[in-house]
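For reference, the structure discussed in these notes is given below.
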2 protein chains.
Amino acid sequence: MGRLSADDWAKAALTALAEGGLAAVAVEPLAARLGASKGSFYWHFPNRQALVQAALEHWERDTDKITARLGRIPDPRERLRTLLEWAFADPAAAAISFRLISEADDPQIAEVAKRVNERRMSFMCATLVETGRPEPEARRRVLAGYASYLGIAALRRLAIVHEDPMTLIDIALAELLGPPVNG
Amino acid sequence: MGRLSADDWAKAALTALAEGGLAAVAVEPLAARLGASKGSFYWHFPNRQALVQAALEHWERDTDKITARLGRIPDPRERLRTLLEWAFADPAAAAISFRLISEADDPQIAEVAKRVNERRMSFMCATLVETGRPEPEARRRVLAGYASYLGIAALRRLAIVHEDPMTLIDIALAELLGPPVNG
DNA sequence: GGACCTCCATACGGTGGCGTATGGTTCCGA
DNA sequence: TCGGAACCATACGCCACCGTATGGAGGTCC
């Protein structure tokens, strides 16, 4: 039978958010998609906003897990390369990051998006410092590199970027570790 | 008297689009903001979609004008620097570019956004080739640099980027013209 | 000064989504 | 087996927006 949990709704909401933006996180369409009705939803959540919140928490947990796994890689250069491999190998994740910034008019979303993106940049910055770059240079490079990551997600939406992941990784690595560096 | 032209509506629509996204391009709220009523709107436009189209054409014309003015700068390096100065000195313009990519689920918007962004990148690429970079390298650098531009617009939305325009221009120039180059 | 065109306001019906009310079904423990 | 809790469907009122219908005010031309 099709009994649903709150987490089922949250996951569906996150998917809808990724695919169609905040407006697509609508109770009735979501219910239809889950083969349920609003009655089910309003038992698990007090209102739509709570659903959005749950979806956001779901997303934040997921990204934190990835950061944590990366943190366990001891060598900073290998950590960085792995980070970029994961980042560019998963366009869906980049699309969600982009989407949440797009929907940052909603303060609820803005708060989470800001926190997550700041954490990511701090993480990358610290890694760069580990490789020997001084803090200000590291900050500049991370800004350029992470902005490129987001911008490429944007250009992907327009089907402008056709480059394969390998090329993108090399571009990003060059931005982060500086010119003519290999490894 | 408050007689309105179709262009007044289009400009207001573009402003609303920049500020609140596609959903904010709504006839009744816009009418209220213009101190008019729907009766006025539906005299100038057949429907909402036509208004969005007009706003997009307005935007495309504006960006084309800028490209045209840049095209009249003979020296490619100076052209590039001027381009970046204008780009980073005008966060509102960057915000609109970002917004339109955000709303690219709408095919109407996607078409215009794709065309404009491709034109911009081609223009930058050609300029880089003029400075002596071979085509593939130029393409890579433009991809990284323009993506950074968009990504910085994204991070601005989250109030994460505090860097002053000068710094951003230097970062972007470094990406485009390559390492340790001044001028 | 009357016919006419331009531009606009108001009122209306239609649609889609939110949240509530109410009742029904399934399951579980005593 | 019975009662209550967990879970869900349906029906309803509400609001915001779209698009239409209708009529009215202000100019213009003869």
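Among the residues of the stretch A:1-32, what is the count of those that are more than 23 Å from A:Pro107 (Cα to Cα) and among the basic types (Lys, Arg)?
Going through the stretch A:1-32 one residue at a time, the tally reaches 1.
Cβ-Cβ below 9 Å, separation at least six or inter-chain, first residue in the stretch B:137-165 and farther than 20 Å from B:Lys114 by Cα and at the interface with chain A (Cβ under 7 Å from one of its Cβ atoms), second of a type outside the set (Lys, Arg) and assigned to a loop (DSSP other than H, G, I, E, B): which pairs?
If the second residue must be of a type outside the set (Lys, Arg) and assigned to a loop (DSSP other than H, G, I, E, B), the pairs left are B:Leu155/B:Val161; B:Arg157/A:Ala104; B:Arg157/A:Asp105; B:Leu158/A:Ala104.
What is the residue count in the stretch A:2-33 for residues that are farther than 30 Å from B:Ile101 by Cβ, assigned to a loop (DSSP other than H, G, I, E, B) and not hydroxyl-bearing (Ser, Thr, Tyr)?
3
Given (1) within 17 Å of the chain's Cα centre (by Cα); (2) part of a helix (DSSP H, G or I), identify the lone condition not met by B:Ala174.
Failing condition for B:Ala174: (1).
So is A:Ser122 surrounded by 18 or more Cβ atoms within 10 Å (Cβ to Cβ), within 13 Å of chain B (Cβ to nearest Cβ) and assigned to a helix (DSSP H, G or I) or not? Talk me through it step by step, then tell me what you get.
Values: surrounded by 18 or more Cβ atoms within 10 Å (Cβ to Cβ): no; within 13 Å of chain B (Cβ to nearest Cβ): yes; assigned to a helix (DSSP H, G or I): yes.
No, not satisfied.
Can you tell me which residue in the stretch B:34-72 is nearest to B:Asp106 (Cα to Cα), limited to those that are assigned to a helix (DSSP H, G or I) and within 13 Å of DNA strand C (Cβ to nearest atom)?
First pass over the stretch B:34-72, keeping only residues assigned to a helix (DSSP H, G or I): B:38-44, B:48-71.
Those still in the list that are within 13 Å of DNA strand C (Cβ to nearest atom) too: B:38-44, B:48.
Working: B:Lys38: 23, B:Gly39: 26, B:Ser40: 26, B:Phe41: 22, B:Tyr42: 22, B:Trp43: 25, B:His44: 23, B:Arg48: 13 Å.
Once the filter is applied, the top-ranked residue is B:Arg48.
Sort through A:Arg72, A:Arg3 and tell me the only one that's within 16 Å of DNA strand D (Cβ to nearest atom) and either within 14 Å of chain B (Cβ to nearest Cβ) or more than 15 Å from the chain's Cα centre (by Cα) (or both). Even if it seems obvious, please write down each step before you answer.
On the way: A:Arg72 fails: within 16 Å of DNA strand D (Cβ to nearest atom).
Every option except A:Arg3 fails the conditions.
Show the residue pairs meeting these rules: Cβ distance below 7 Å; 6+ apart or different chains; first residue within the stretch A:35-52 and more than 14 Å from chain B (Cβ to nearest Cβ) and within 19 Å of A:Arg3 (Cβ to Cβ); second residue near DNA strand D (Cβ under 7 Å from one of its atoms) and assigned to a helix (DSSP H, G or I).
So the pair list comes out as A:Ser37/A:Ala31; A:Lys38/A:Ala31; A:Ser40/A:Ala31; A:Phe41/A:Ala31.
Would you point out the residue of the stretch A:28-41, among those that are touching a helix residue (DSSP H, G or I) at 6+ places or on another chain (Cβ under 8 Å) and more than 17 Å from A:Leu14 (Cα to Cα), that is surrounded by the most Cβ atoms within 10 Å (Cβ to Cβ)?
Filtering first and then ranking leaves A:Ser40.
May I ask you to verify whether B:Ala104 is among the small types (Gly, Ala, Ser), assigned to a helix (DSSP H, G or I) and at negative phi?
Values: among the small types (Gly, Ala, Ser): yes; assigned to a helix (DSSP H, G or I): no; at negative phi: yes.
The answer is no for B:Ala104.
Coordinate-derived values only; no laboratory data. Small disclaimer: the values here were computed from a predicted structure and weren't measured. With ideal geometry, Cβ positions are generated from the backbone for all residues, glycine too; neighbour counts draw on all protein chains shown.
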